[in-house]
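Asks: Provided herewith is a single structure, encoded as structure tokens, for subsequent inquiry.
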Amino acid sequence: MKLTQQQFSWMQSEAVLALFAAMPDESLRFVGGCVRNAVWDEPVGDIDLACQLEPQAVVEALNKANIRHVPTGIDHGTVTAVIDGTPYEITSLRRDVETDGRRAVVAYTRDWAKDAQRRDLTVNALYADLSGQVFDPTGQGLDDLKVRKFRFVGAADQRVREDYLRILRFFRFLAWYGGREKVDAASLKACRENQSGIKKLSAERIWTEMKKLLSARNPVRACHIMLTNGILETVFPEANNVDGLEALVRLESREGIKPDPLLRLMAMSAREPLQMALLTKRLKMSKSETARLRGWADDDAQLSTDMAERDRLAAIYKSGKTVIFDRARLRAAGEADAIQSARWMVLADLALGWQAPTFPVTGKDLAEAGVSKGPGMGKALKALEALWVRSGFSTEKPQLLAALKLMGY
């Protein structure tokens, strides 16, 4: 098939034309997601390219054209060209010589069909030239695109054993692009029977892929299928409550809320500190991700929808706006009563929008008032801050300092 002018307009940028001009005629093609999304009329993000030249020849061609490049994965055949700050991955055509489920030893080829045979899904084994002509070496990719069918190229079991991350990619594509059609039986069987291989993958690869899956508009069906086939338990033993995820997705749809993969992970988890600590450590999450998830799990603030405004603000101040926001929004999702759900949303919105005031008393103020430095000063500060919070943040510095004497300082 050939892409329409509207579908391949993204191919005509100055940067893309410069890359094609730098390479020998017909040696460079678009590949994978950009072609797939163009055929679907979906937004095109990263532009990846496949090339018949070996990596060193790609480097030489880019040098000759004065195009900046970075050897991001040159050992595996990938050179990243950078034009006006935008990266373009150029990968030499390859065939697998040896695989261990995590990494592959490759040999370079000039054969597009051999390169297609080592790719994961048929819908990702599509190529396009600069004119918009789409090439389908497997003979299945375009047909599968029409019905949004996801299946592995060739023998499904072999594809999965080459790289166990393909199990998670399979479900990620199902989450993002799949409809209600029956899942390809051979591909699902290969994922189910090889799921133990997921444990061989690095924690970073697993979390990156699952975070993408949980960012889909509605990942519930994909997660249900993972659950019923035992795969979700392998990936997230601490977080496989798909009913909780479904409730949050319904709330998002009703309220026009953007997907939040971390909040969705919380919806799939018990608010249990030890389990969340194990999850964040095992997946080697970032400091900010860990702080958010553990803050939610560890919080002991008593929340209700009929709290007084002063108590609401005190909870937000003590626990932090993100913690209260997460807890309130998840309660809104899990609440069957529409009125109660709306009240939890009000608390979530308050937590998100409220700007906490600054405690007006400092250690310097206490020192000037005659309080000695040390543990006693710290206790005095905490006591005054608690008094200030109980007052609804209204007590001013003079009154707080005057209260020191009543407290015995």
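Asks: For segment 385-392, state whether one or more residues are exposed (fewer than 11 other Cβ atoms within 10 Å of the Cβ), outside the structural domain of Gly256 (by TED's automatic domain parsing), among the polar types (S, T, N, Q) and under 42 Å from the mean Cα position of the chain (by Cα).
Replies: no
Asks: Quick one: how many residues across segment 143-159 are without any contact (Cβ under 8 Å) to a residue 24 or more places away in the chain and within 16 Å of Asn194 (Cα to Cα)?
Replies: Going through segment 143-159 one residue at a time, the tally reaches 2.
Asks: Being surrounded by fewer than 13 Cβ atoms within 10 Å (Cβ to Cβ) and within 23 Å of Pro357 (Cα to Cα) narrows it down to one residue among Lys397, Lys373, Lys382, Lys405; which is it?
Replies: After applying the criteria, what remains is Lys382.
Asks: I've got another one for you. Pull out all pairs, ordered by first then second residue, where Cβ-Cβ is under 8 Å, the residues are six or more apart or on different chains, the first lies in segment 207-230 and is farther than 17 Å from Arg166 by Cβ, and the second is among the polar types (S, T, N, Q) and in a loop (DSSP other than H, G, I, E, B).
Replies: Close Cβ pairs (under 8 Å, with a partner that is among the polar types (S, T, N, Q) and in a loop (DSSP other than H, G, I, E, B)) amount to Leu227/Asn240.
Yes/no per residue for (1) under 26 Å from Arg217 (Cα atoms); (2) crowded, with 16+ Cβ neighbours inside 10 Å:
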| position | (1), (2) |
| --- | --- |
| Met268 | yes, yes |
| Arg271 | yes, no |
| Gly295 | yes, yes |
| Gln302 | no, no |
| Tyr317 | no, yes |
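Asks: On the given criteria, is Ala203 surrounded by fewer than 19 Cβ atoms within 10 Å (Cβ to Cβ) and in the same structural domain as Pro259 (by TED's automatic domain parsing)?
Replies: yes
Asks: I've got another one for you. Look at Ala186 and say whether it is in the same structural domain as Val31 (by TED's automatic domain parsing) and in contact with a helix residue (DSSP H, G or I) (Cβ under 9 Å, 6 or more places away or on another chain).
Replies: It is false that Ala186 is in the same structural domain as Val31 (by TED's automatic domain parsing) and in contact with a helix residue (DSSP H, G or I) (Cβ under 9 Å, 6 or more places away or on another chain).
Asks: Among the listed residues Lys182, Lys146, which satisfies the condition of being at pLDDT below 95 and either in a helix (DSSP H, G or I) or at positive phi (or both)?
Replies: Lys146
Asks: Now, a different point. Of the residues in segment 356-376, how many are over 44 Å from the mean Cα position of the chain (by Cα) and not hydroxyl-bearing (Ser, Thr, Tyr)?
Replies: Looking only at that region, the number is 11.
Asks: If a residue counts only when it is without any contact (Cβ under 8 Å) to a residue 60 or more places away in the chain and surrounded by 14 or more Cβ atoms within 10 Å (Cβ to Cβ), which strands (runs of 3 or more DSSP E) contained entirely in segment 1-98 have at least 3 such residues?
Replies: 48-51, 78-83, 86-92
Every residue, every condition in (1) in the same structural domain as Ile167 (by TED's automatic domain parsing); (2) surrounded by fewer than 18 Cβ atoms within 10 Å (Cβ to Cβ); (3) in contact with a Lys or Arg (Cβ under 8 Å, 6 or more places away or on another chain), yes or no:
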position: Ser215; (1), (2), (3): yes, yes, no
position: Pro219; (1), (2), (3): yes, no, yes
position: Ile225; (1), (2), (3): yes, no, no
position: Leu232; (1), (2), (3): yes, no, no
position: Glu238; (1), (2), (3): yes, no, no
position: Leu248; (1), (2), (3): yes, no, yes
position: Lys258; (1), (2), (3): yes, yes, no
position: Pro261; (1), (2), (3): yes, yes, yes
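The values are calculated or read from the model by the stated rules, or taken from the named source; none is laboratory data. Quick caveat: nothing in here was measured; it's all calculated off a predicted structure. With ideal geometry, Cβ positions are generated from the backbone for all residues, glycine too; neighbour counts draw on all protein chains shown.
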